[in-house]
Amino acid sequence: MNKDKKEPKYGKIIEGADQLSLGLSMVVAVVIGVAAGFWLREITSEWWTLWLGVFWGIGAAVYNVYKAYLRQKKSYDELKNEPRYKYNSEDKEEDDKY
């Protein structure tokens, strides 16, 4: 690890809370979409605007999942370059002995 780049004291806790918040953010996105749909229905008196809000909320929830996927993929790609996780053919030969 680079000496100039220090990790925050509570970095792991914040990272864990960020990962746990995915489910909550999905629910909140759908609820906000439904609320927007109800609001549009009250303004326009059209029944289909409620469903428009529902679809917006579901779309936002799917987008949140996609962003979380990209963050996880980036994290795994960083681990791929660490020497302790590299595949070593010498270790495989030792495993084959037993």
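Rounded to the nearest 20, the size of the Cβ-charge dipole of the stretch 24-78 about its Cα centre is 180 debye, with Lys and Arg at +1 and Asp and Glu at -1. Ordering of 69-78, 53-62, 37-46, 23-32 by packing is 53-62, 23-32, 37-46, 69-78, highest average first (other Cβ atoms within 10 Å, averaged per residue).
Read-outs: derived from the displayed coordinates by stated rules, not from any lab. This one's a predicted model, so the numbers in the text were calculated from it and none came from an experiment. Cβ atoms come from the backbone with ideal geometry, glycine included; neighbour counts cover every protein chain shown.
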